[in-house]
Amino acid sequence: MSKPGISFTRRAPDNITEELVAVLSSKASFEFKPLFDIVLLNLRERNAASGGEEMLRLRSYEKLQGLVNQGAVTRTVKGITKKYKGVAARMVTLRAEMKVLRADWSEKLRAKAASAT
């Protein structure tokens, strides 16, 4: 018998995390507001920004904190300013994992479309 909560599997690639990883893969460090602005712009360009901006902001912050907890992003606090910077080795790994997930997802969609016709 599986533990409760463990059985949930992600059905689709996570657009927000993909964008966070893409932006944080640069050598720059960001405060949350400018980081979110870039992520939001990128999501809108991909037509992947669903929900209101405030909900996206909350989800982005939650995903960012998850990356911090995984050790993929470092948070530096100076006074009231928090800056986030990707850990290069972890970013490379995450990007590779997400690329595989995105490819698998695309293949499933193609197979589903082919079987529907």
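If the chain linking residue 99 and residue 33 were pulled fully straight, counting 0.36 nm for each residue of separation and taking away their Cα-Cα distance, it would gain 21.1 nm. Report summary: the helix-based calculation at 222 nm, which adds -39500 (n - 2.57) for every DSSP H run with n ≥ 4 and divides by the residues of the chain, gives -20500 deg cm²/dmol. Going through [x] 2, 10, 18, 20, 18, 14, 9, 5, 2, 1, 0, 0; [y] 2, 9, 16, 16, 13, 10, 10, 9, 9, 4, 1, 0; [z] 2, 12, 24, 26, 21, 10, 3, 0, the figure that equals P(r) over Cα pairs in 5 Å bins from 0, in percent as computed for the structure here is [x]. Mind pulling the angle between the C-alpha long axis of helix 53-70 and the longest principal axis of the chain? Nearest 10 degrees, somewhere in 0 to 90. Long axis of 53-70 versus the principal axis of the chain: about 80 degrees. When the Cα positions of 76, 66, 28 are compared along the charge dipole of the chain, 76 comes out farthest toward the positive end, with charges on each C-beta of Lys, Arg, Asp and Glu. GNM on the chain, alpha-carbon springs under 10 angstrom: the most fluctuating residue among 95, 46, 59 is 46. For residue 73, the residues 5 or more places off, or on other chains, whose built amide H falls under 5 Å of its own are 68, 87. GNM remark for the chain: springs join alpha carbons under 10 Å apart, and the peak mean-square fluctuation among 92, 73, 23 falls on 92. Annotation: extensible slack from residue 59 through residue 110 equals 15.5 nm (criterion: 0.36 nm per residue apart, minus Cα-Cα distance).
Between helix 32-45 and the chain there is an angle of about 30 degrees, using the helix long axis and the longest principal axis of the Cα atoms.
A short reminder: the numbers here are calculations on the coordinates, not readings from a lab. Because the structure is predicted, anything quoted here is derived from the model rather than measured. Heads up, the Cβs are rebuilt from the backbone with ideal geometry, glycines too, and the neighbour counts pull from every protein chain shown.
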